[in-house]
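Presented below is the structure to which this report refers.
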Amino acid sequence: MSKICQVSGKTANNGYQVSHSNVKTRKIQNVNLHKKKIWSIKQGCWIKIRISSKMIKSLHKIKL
């Protein structure tokens with residue numbers, strides 16, 4: 001499975017790791033994903049999703 005949040009659609013971020021001598025090497029900053037079982041208000045049942053930590057904090061705002 002790919003590392004994508006199923007709610008927000010967040011994906012990995014490309015960046016550079018910069019050393020003390022200013023040598024830049026490419027790195028990938030992955031999303032902080034968790035497998036979570038949440039209650040869906042719209043469907044009226046439990047659903048399992050892969051969700052980022054930031055979206056777990058704001059689940060009450062989006063009201064799945």
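Filtering the range 10-23 to residues that are in a loop (DSSP other than H, G, I, E, B) and surrounded by 10 or more Cβ atoms within 10 Å (Cβ to Cβ) leaves LYS10, THR11, ALA12. Among the residues of the range 2-43, the one identified as at positive phi and either in contact with a strand residue (DSSP E or B) (Cβ under 8 Å, 6 or more places away or on another chain) or of a type in the set (Gly, Ala, Ser) (or both) is GLY9. Taken over the range 36-64, residues that are touching a Cys at 6+ places or on another chain (Cβ under 8 Å), outside any helix (DSSP H, G or I) and under 17 Å from GLY9 (Cβ atoms) amount to 3. All of (1) at pLDDT below 95; (2) under 20 Å from the mean Cα position of the chain (by Cα) hold for TRP46 with one exception: (1).
Scanning the range 24-35 for residues that are of a type outside the set (S, T, N, Q), surrounded by 10 or more Cβ atoms within 10 Å (Cβ to Cβ) and out of contact with any Gly (no Cβ under 9 Å at 6 or more places or on another chain) yields LYS24, VAL31, LEU33, HIS34. Do the conditions hold for ILE41, that is, is it open to solvent by 50 Å² or more (accessible area, probe 1.4 Å), among the aliphatic types (A, V, I, L, M) and touching a residue at least 12 places away in the same chain (Cβ under 8 Å)? Yes: the conditions hold for ILE41.
The values are calculated or read from the model by the stated rules, or taken from the named source; none is laboratory data. Everything quoted here is computed from the prediction, not taken from an experiment. Because the Cβ atoms are built from the backbone with ideal geometry, glycine has one as well, and the counts that use them run over all protein chains shown. The protein model used for the area step is the full one, side chains on, heavy atoms only, and it has no ligands, DNA or RNA in it. Shrake-Rupley method; radii C 1.70, N 1.55, O 1.52, S 1.80 Å.
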